[in-house]
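Trainee: For reference, the structure I am asking about is given below.
Throughout, read-outs are computed from the coordinates displayed, never taken from laboratory work. Note that this is a predicted model, so its numbers are computed, not measured. Note that each Cβ is placed from the backbone with ideal geometry, even for glycine, and that neighbours are counted across all protein chains shown.
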């Protein structure tokens with residue numbers, strides 16, 4: 001009977017292998033195969049995830065390259081029109097026609113700048129959920145201003161020449177803390193709290209200089225509107241930070257007026273506190289009293305700097321990461337040489353303007369409004385510089401695309417190889433199983449027949 005059961009067990013095992021196509025059903029069948037199967041399955045799953053990352057990264061980069069190519073086409077068309085417009089023999093109607101097309105091309109810049117892939121805006125840095133570019137036309141005297149992620153991309157100009165310096169001064173004061181690229185920290189929501197007798201302190205490090213900020217004891221801090229006995233957290237922090245980092249004096253040379261610029265501006269962003277560096281390159285927050293920063297909605301050790309880029313990184317292999325995005329300022333430019341500003345100047349030149357103004361700030365804090373000549377022929381050079389900047393970005397995107405494509409091919413080969421290894425480790429040889437199954441069936445039948453001969457029937461087996 002024991003031999004019959006043993007033969008039946010071997011037969012059942014082969015039947016399960018034939019039904020499932022797998023060598024083992026539970027790890028105890030063969031621990032070595034089971035352990036190897038777990039490792040290979042993990043490897044295959046990892047490669048499949050890398051392949052999905054590669055496909056997504058490749059689509060993102062291809063969308064980016066197409067958008068940059070379209071921007072290049074716009075610049076080339078604008079250059080053709082500028083060369084045509086620099087011909088002094090144009091009629092008034094022809095000049096206005098060129099200006100109308102330039103305006104349309106300028107609108108197309110914003111449309112392409114807000115290109116999205118799978119619902120994510122590709123030039124927006126980390127803020128992929130909303131369009132990064134918009135045009136501020138609220139003050140016609142100043143001209144159209146390009147807004148990038150809610151902040152001015154180039155607050156220093158150009159500005160129409162007939163704008164009064166006092167208006168430019170007011171504009172500059174409002175733009176000081178609203179410039180793209182300024183280091184800022186804004187994290188979790190702030191909730192009203194009351195300090196006790198124990199001091200609540202944290203430190204701010206601005207460009208290597210550290211100062212301690214102490215919150216007043218027995219004080220309830222909240223956002224406006226305030227209830228009786230409450231203190232506005234924004235005003236309180238601004239006052240204490242200004243005492244630690246004194247405001248910088250800036251003088252307008254044309255009017256002699258002086259403005260005070262806080263190195264760190266404190267503001268409210270929804271239900272969060274935001275620190276913006278207006279004078280400096282980096283900021284870091286650290287707890288002096290444990291839990292103070294958490295109460296304010298920040299993490300201990302939080303930092304930001306002008307060199308901190310909003311890079312979206314995809315992992316496409318073990319230890320193999322790739323940056324897939326291009327930030328908006330890389331294609332539109334910053335400072336006085338910006339793509340959008342070039343189109344502004346083109347419109348003004350076609351309107352007959354011969355001058356424009358820019359704002360210059362020297363190391364001593366003196367602010368000067370500079371009047372520049374506006375020649376439509378000179379704008380051809382500006383367009384060439386914009387196109388050159390675009391070509392560099394496109395070349396970089398192309399190089400990354402080629403690398404991702406090469407990685408994709410390698411992952412396909414790796415997936416095939418590891419899938420084959422996994423199959424060899426787990427899957428049975430069906431021809432071999434069928435042969436063994438036939439043999440075991442014959443052995444089992446023989447053992448049953450042998451058992452039947454050993455136990456012969458007697459007369460008692462037939463009696464009821």
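Trainee: Please identify which residues in region 78-98 have an amide N closer than 18 Å to a label point set 7 Å out from the Cα of residue 384, following the Cα→Cβ vector.
Mentor: Of the residues in region 78-98, 78-87 have backbone N under 18 Å from the label point off residue 384.
Trainee: Over the chain, what is the mean sequence separation of C-alpha contacts under 8 Å (at least six apart), divided by residue count, expressed as relative contact order in percent?
Mentor: On the way: 685 pairs, mean separation 109.3, N = 464.
It comes to 24 percent, rounded to a whole number.
Trainee: For region 24-142, what does the relative contact order come out to in percent, with C-alpha contacts under 8 Å and a separation of six or more?
Mentor: Numbers: 55 pairs, mean separation 19.4, N = 119.
Worked out over region 24-142, it gives 16 percent.
Trainee: Another one. Before rounding to the nearest 500, sum -39500 (n - 2.57) across all DSSP H runs of length at least 4 in the chain and divide by the residue total; then give [θ] at 222 nm in deg cm²/dmol.
Mentor: Details: 10 runs with 214 residues, N = 464.
Mean residue ellipticity, 222 nm, calculated: -16000 deg cm²/dmol.
Trainee: Remind me, relative contact order of region 169-317 in percent, using alpha carbon pairs under 8 angstrom and six or more residues apart? Intermediate values should be presented prior to the final figure.
Mentor: On the way: 275 pairs, mean separation 45.1, N = 149.
Relative contact order for region 169-317 comes out at 30 percent.
Trainee: Suppose the chain between residue 282 and residue 267 were pulled fully straight at 0.36 nm per residue; how much longer would it get relative to their current alpha carbon spacing?
Mentor: 3.7 nm
Trainee: Working out 0.36 nm times the residue gap between residue 399 and residue 253, then minus their Cα-Cα distance, what length gain in nm do you get to one decimal?
Mentor: So the chain would gain 47.8 nm between residue 399 and residue 253.
Trainee: For a footprinting-style exposure proxy, rank 406, 200 by other Cβ within 10 Å, fewest first.
Mentor: Working: 406 10, 200 23.
If I rank by nearby Cβ atoms, fewest first, I get 406, 200.
Trainee: To the nearest 10 degrees, how steep is helix 430-454 against the longest Cα principal axis of the chain, on a 0 to 90 scale?
Mentor: It works out to around 30 degrees.
Trainee: Still on this structure, I have one more. Could you give the distance between the Cα centres of region 256-283 and region 48-84, to the whole Å?
Mentor: The two parts, judged by their Cα centres, are 35 Å apart.
Trainee: Arranged by the count of other C-beta atoms within 10 angstrom, fewest first, what order do 403, 50 take? Write down the numbers at each step before the final one.
Mentor: On the way: 403 15, 50 22.
Ranked by crowding around the Cβ, least crowded first: 403, 50.
Trainee: Using the count of nearby Cβ atoms within 10 Å as a rough guide to exposure, how do 212, 63, 407, 371 rank from fewest to most? Please report the intermediate quantities before stating the final value.
Mentor: On the way: 212 14, 63 17, 407 20, 371 10.
Ordered by Cβ neighbours within 10 Å, fewest first: 371, 212, 63, 407.
Trainee: Rounding to the nearest 10 and keeping the result within 0 to 90°, find how far the Cα-based axis of helix 233-244 lies from the longest principal axis of the chain.
Mentor: 70 degrees
Trainee: For helix 339-350, report the angle its Cα long axis makes with the longest principal axis of the Cα atoms of the chain; keep it between 0 and 90° and round to the nearest 10°.
Mentor: Long axis of 339-350 versus the principal axis of the chain: about 40 degrees.
Trainee: Using r as the Cβ-Cβ distance of residue 315 and residue 434, and R0 as 51 Å, what FRET efficiency do you calculate, to the nearest 0.05?
Mentor: 0.70
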